[in-house]
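Down below is the structure, laid out as structure tokens.
The values are calculated or read from the model by the stated rules, or taken from the named source; none is laboratory data. The structure displayed is predicted, hence computed values, not measured ones. Neighbour counts are summed over all protein chains in view; Cβ atoms, including those assigned to glycine, are modelled from backbone coordinates with ideal geometry. Only protein heavy atoms, including side chains, enter the accessible area calculation; ligands, DNA and RNA are left aside. Shrake-Rupley method; radii C 1.70, N 1.55, O 1.52, S 1.80 Å.
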Amino acid sequence: MISIVIPTLNEERRIGQTLQRLRDTLVGDFEIIVSDGGSKDKTADIARALADKVIVHSGLDRQTIAGGRNAGAKVAAGEYITFLDADVTIPNPAILFPGAIALFEKNKKLLGLCVALKVHPSECKRGDGFFSWLVNTVHRFLNNVLRIGSAMGEFQMVRREVFITVGGYREDLVAGEDNELFWRFNKIGRTRLCTEWVVYHSGRRAHQIGWIKLIY
């Protein structure tokens, strides 16, 4: 089984479409887990109708995205966990996931895998293509050549057992928790970016604050 964990916070505009698309395209043994950070809108209600498991943060403190991902991982049953953002589209999951599992099975030292990221054509703005290429190139170099480990959290696939062993994401980090996890993986194994597979995201963070600030 592959467990897909999606952290959310006030995502009622997107979560239904994301979950329905997964339901329509996934082939094989999957479970979809939505880990909600305490949304004030209808995110959790929409998720309950489409996801296999929905957990909602009830603490008084604001949950970091790392905390949301970790909470989802705690209830995951799959041998592999794929962490997705709420605005991510996987064009060909029937090709991507079997191929990814084959890589994990072939190389037992492979602990984490990411793929190329692009802004969805319907939401693409000026500069998105160049910066997507730049980010993918840097992550590929850091993972596949230098073996330092680096990734953006839109799509990260990991071995659940190892993820639990290393303690998951650092919940004290407001940002950069995705990179930091892959850094730790490379102390005991390997990570890889596979450019032959692409997933799309909305680019909303980059559009809000700018690519330079986002990369920084």
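Mind listing just one residue for me: the one in the stretch 18-70 that is without any contact (Cβ under 8 Å) to a residue 60 or more places away in the chain, part of a helix (DSSP H, G or I) and touching an Asp or Glu at 6+ places or on another chain (Cβ under 9 Å) and, of those, farthest from Gly99 (Cα to Cα)?
Restricting to residues being without any contact (Cβ under 8 Å) to a residue 60 or more places away in the chain, part of a helix (DSSP H, G or I) and touching an Asp or Glu at 6+ places or on another chain (Cβ under 9 Å), the top hit is Asp45.
For residues that are within 16 Å of the chain's Cα centre (by Cα) and among the small types (Gly, Ala, Ser), scanning just the stretch 143-180, find the one that is surrounded by the fewest Cβ atoms within 10 Å (Cβ to Cβ).
It comes out as Gly176.
Tally up the residues in the stretch 6-41 that are β-branched (Val, Ile, Thr) and more than 17 Å from the chain's Cα centre (by Cα), please. Please lay out each step first, then the result.
Quick first cut of the stretch 6-41, residues β-branched (Val, Ile, Thr) only: 6, 8, 15, 18, 25, 27, 32-34.
Now restrict to residues that are more than 17 Å from the chain's Cα centre (by Cα): 25, 27.
Here the count works out to 2.
Provide a single number: the residues in the stretch 199-216 that are in contact (Cβ under 8 Å) with a residue 60 or more places away in the chain, hydrophobic (A, V, I, L, M, F, W, C) and open to solvent by 40 Å² or more (accessible area, probe 1.4 Å). I'd like the intermediate steps shown before the answer.
Narrowing the stretch 199-216 to residues in contact (Cβ under 8 Å) with a residue 60 or more places away in the chain: 199-204, 206-207, 211, 215.
Next, from what is left, pick out any that are hydrophobic (A, V, I, L, M, F, W, C): 199, 206, 211, 215.
Then drop every residue that is not open to solvent by 40 Å² or more (accessible area, probe 1.4 Å), which leaves 215.
Matching residues across the stretch 199-216 total 1.
Out of the residues in the stretch 58-97 that are farther than 26 Å from Val166 by Cα and of a type in the set (S, T, N, Q), state the one that is surrounded by the most Cβ atoms within 10 Å (Cβ to Cβ).
My answer is Thr89.
Residue by residue through the stretch 135-147, note down the ones that are under 14 Å from Leu111 (Cβ atoms) and either in contact with an Asp or Glu (Cβ under 7 Å, 6 or more places away or on another chain) or assigned to a loop (DSSP other than H, G, I, E, B) (or both).
Arg147
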